[in-house]
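Visitor: Mind looking over this structure? Questions follow.
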Amino acid sequence: MATIPSPHTFRGGIHPAYNKALAAAAPIRELPLPARLTVPMSQHLGAPAKPVVKAGDTVAGGQLVAEAAGFISAPVHAPAAGKVVAIEETLTASGRACAAVVIETAPEQVWQPLPTFPEWRFTDAKQLIEHIGAAGVVGMGGAGFPTRVKLSPPSDKPIDTVILNGAECEPYLTSDHRMMLEHAAEIRIGAEIIRHILGARSLRIAIEDNKPDAIAAMEKAFQDTDGDVAVTVLRTSYPQGSEKQQIFSVTGREVPRGGLPMDVGCVVENVSTAFAVFDAVVNGRPLVRRVITVTGDAIAQPANLLAPCGTLYSDLVAACGGVAGQAAKVISGGPMMGFAVSSLAVPTGKTASGLLLLSPKKISDFSSQACIACGRCVDACPMRLSPAELSQCIEADDIDGAEPLALMDCIECGSCAFVCPARRPLVHHMRRGKAVVMARRAAAKKTP
Ligand code: SF4
Ligand code: SF4
């Protein structure tokens, strides 16, 4: 096991104020079980899960409440024992609506575990993949891509390198940082299970150099791991945690336009996902809870809370001593890639890494101006796009003009908007343009 500085660094990117000190020193604290959980059916990328319970049913903790509804989908389990009181529509943090299984939690908790695989080193990869899929494990870094699919590359795309993503480059957020400090041993086992499944020769643990304590914790946890294993220390730079940028920083390999990490022999898994893989395989626990950073200058006691999926944001805020003064803006996630939410009656899910409450002094009112063609957005874009040109096409509803400019390669990192002196809402335009393309592609698939 070695520790090596990142041999490469990606082009572009930015250096925002990280503001992680607010919550970085707060140990993970388990949230008291809420009386009611609103468990969304869309906690992952792909088709929403399909409920298999109905109002009036009693469920045990860990029991399946919704099955995967397609290849790109994931099942959902009850985060706690209780009674299903409704299947109703809920708003998610992204502003979209989806069905939710509402559970009134029971005073006596009964748990229904999945099978366990203590001998995972001698277990067939296919069986482990099926189990991880049945446990509802998805990427917890934000995308929510079903882990079962990521661990099943086609035979002509062999994986030689697993990258464990501990960059957590998004400002304010510290949940992955705390997981690395407090659960390094479990993350190591999860990473080894992933490596075993993929038959990958190399394992890299990628952490930004602003987290020296996490680097030390992972060095210690992985010190006697067999084979080509190293902690790769990344330069602190946003978006260092983004898959394609991280693959380049760690290996020097460039994922081709429109391509996937497996095209260059890599799989990237977030450290919290590795923990969830460990929990599913070794403890038989489906993915039903996660650590969420509740932070910002408008929260009384910033914290890293271990909360069941389906907890309302209002319960998280209450557990952190409530709002300090006035919250002028509430963001689900971090300030770069998160979504502003207008209500705290929104439930958490498997990808909810943070809740950020900002006071009026952290918010600036501005109106966007016309583009002055300064080119700063082009310099900052880590995907080598031309955000100014793309946004002009999308504003003019010229989606056909935007698509050939690699609109769908935009990772919505927000670097372009961060540097734009004209304060143009560039990410908003990218999201809108991408949504139109996705809707067109879905409609084309349906047309016989
Ligand atoms: S165009 Fe997309 S990928 Fe490029 S900086 Fe803007 S948000 Fe990031
Ligand atoms: S940074 Fe803003 S003003 Fe400058 S070219 Fe890009 S969109 Fe135009």
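Visitor: Across the Cα atoms of region 204-289, what radius of gyration and what greatest pairwise Cα-Cα distance (Dmax) are found, in Å?
Guide: Considering region 204-289 through its Cα atoms, Rg and Dmax are 14.4, 39 Å.
Visitor: Also, I was wondering about something else. For every helix of n ≥ 4 consecutive DSSP H residues, a contribution of -39,500 (n - 2.57) applies; sum these over the chain, divide by its total residues, and give [θ] at 222 nm rounded to the nearest 500 deg cm²/dmol. Please report the intermediate quantities before stating the final value.
Guide: Working: 14 runs with 124 residues, N = 448.
My calculation for the chain gives -8000 deg cm²/dmol from helical runs alone.
Visitor: Between residue 39 and residues 5 or more places away or on another chain, which pairs have amide H atoms under 5 Å apart, with H built 1.01 Å from N, and which residues are they?
Guide: 101, 102, 103
Visitor: When you take every Cα atom in region 376-446, what is the radius of gyration, and what is Dmax, the widest Cα pair distance, in Å?
Guide: Radius of gyration, then largest Cα-Cα span, for region 376-446: 11.9, 42 Å.
Visitor: Carbon and sulfur atoms: what percent of the 1.4 Å accessible area of region 1-137 do they account for?
Guide: On the way: 3930 of 6890 Å².
Looking at region 1-137 in its full context, I get 57 percent from C and S.
Visitor: Which of the pairs 329/361; 157/350; 126/157; 150/211; 157/445 have their Cα atoms more than 21 Å apart in this structure?
Guide: From 329/361; 157/350; 126/157; 150/211; 157/445, over 21 Å: 157/350; 150/211; 157/445.
Visitor: For region 389-399, what does the Karplus curve 6.51 cos²θ - 1.76 cosθ + 1.60, with θ = phi - 60°, yield as ³J(HN,Hα) per residue in whole Hz, taken in order and with x for Gly and Pro?
Guide: For region 389-399, the Karplus-derived couplings read 5, 4, 5, 5, 4, 5, 4, 8, 6, 9, 5 Hz, x marking Gly and Pro.
Visitor: What number, in nm² with one decimal, is the all-direction average of the projected area of the convex hull of the alpha-carbon atoms of region 1-101?
Guide: Numbers: hull surface 46.3 nm².
Result: 11.6 nm².
Visitor: Let me ask another. Under a plain spin-label model, where a point goes 7 Å from the Cα along Cα-to-Cβ, how far apart in nm are residue 110 and residue 340?
Guide: 4.7
Visitor: Beyond 19 Å, what share of the Cα-Cα pairs of region 47-147 remains, rounded to the nearest whole percent? Don't jump to the answer; show the numbers that get you there.
Guide: Values: 2555 of 5050 pairs.
Tail of P(r) above 19 Å: 51 percent of Cα pairs.
Visitor: Taking every DSSP beta bridge with both residues inside the chain, roughly what % is antiparallel (nearest 5)? If you can, show how the numbers build up before the last one.
Guide: Values: 36 of 64 bridges.
Counting DSSP beta bridges with both partners in the chain, the antiparallel share is about 55 percent.
Visitor: I'd like to know how region 329-402 sits against the 2.2 N^0.38 Å rule of thumb: what's its Cα Rg over that expected value?
Guide: Working: Rg = 16.2 Å, N = 74, 2.2 N^0.38 = 11.3 Å.
Cα Rg divided by the expected 2.2 N^0.38 Å: 1.44.
Visitor: From the backbone phi of region 173-181, what are the Karplus-calculated ³J(HN,Hα) couplings (6.51 cos²θ - 1.76 cosθ + 1.60, θ = phi - 60°) in whole Hz, Gly and Pro given as x?
Guide: Result, ordered by residue: 7, 9, 5, 5, 4, 5, 4, 5, 6 Hz.
Visitor: Taking only protein heavy atoms into account and a 1.4 Å probe, give the accessible area per residue of region 376-446 in Å². Intermediate values should be presented prior to the final figure.
Guide: On the way: 3510 Å² over 71 residues.
I get 49 Å² per residue for region 376-446.
Visitor: Mind listing the lone cysteines of the chain, meaning no other Cys beta-carbon sits under 4.7 Å from theirs?
Guide: 98, 169, 266, 309, 320, 371, 374, 381, 393, 410, 413, 420
Visitor: Also: Ratio to report: Rg/Rh of region 114-224, with Cα atoms as the point set and Rh obtained by the Kirkwood method; give two decimals. Write down the numbers at each step before the final one.
Guide: Values: Rg = 14.5 Å, Rh = 15.1 Å.
Rounded to two decimals, Rg over Rh is 0.96.
Visitor: Let me ask something else about it. Which of 12, 258, 354 moves the most in a Gaussian network model of the chain with Cα springs under 10 Å?
Guide: Judging by the Gaussian network model, the answer is 258.
Visitor: Another question, then. State which stretch of the chain is the longest one without any exposed GluC sites (Glu not before Pro), exposure meaning a DSSP loop state and at most 12 other Cβ atoms within 10 Å.
Guide: Values: sites that count: 108, 119.
For GluC sites (Glu not before Pro) (loop position, at most 12 other Cβ atoms within 10 Å), the longest site-free span of the chain is 120-448.
Visitor: Also, I was wondering about something else. Please state, to two decimals, what the Cα-based radius of gyration of the chain comes to when divided by 2.2 N^0.38 Å (N = residues).
Guide: Working: Rg = 21.3 Å, N = 448, 2.2 N^0.38 = 22.4 Å.
Relative to the 2.2 N^0.38 Å estimate, the chain comes out at 0.95.
Visitor: Any idea how far the Cα center of region 293-328 sits from the one of region 373-448, in Å?
Guide: Rounded to whole Å, the Cα centres lie 33 Å apart.
Visitor: Continuing with this model, one more query. Using a probe radius of 1.4 Å on heavy atoms only, what accessible surface per residue do you get for region 114-229? Whole Å² is fine. Can you show the working numbers first?
Guide: On the way: 4470 Å² over 116 residues.
Dividing the accessible area of region 114-229 by its residue count gives 39 Å².
The values are calculated or read from the model by the stated rules, or taken from the named source; none is laboratory data. Keep in mind that what you see is a predicted model, and the values were worked out from it rather than measured. No Cβ is skipped: glycine too gets one built from the backbone with ideal geometry, and neighbour counts run over all protein chains shown. Ligands, DNA and RNA are stripped out before the accessible areas are found, and what is left, the full protein with its side chains, is counted by its heavy atoms. Shrake-Rupley method; radii C 1.70, N 1.55, O 1.52, S 1.80 Å.
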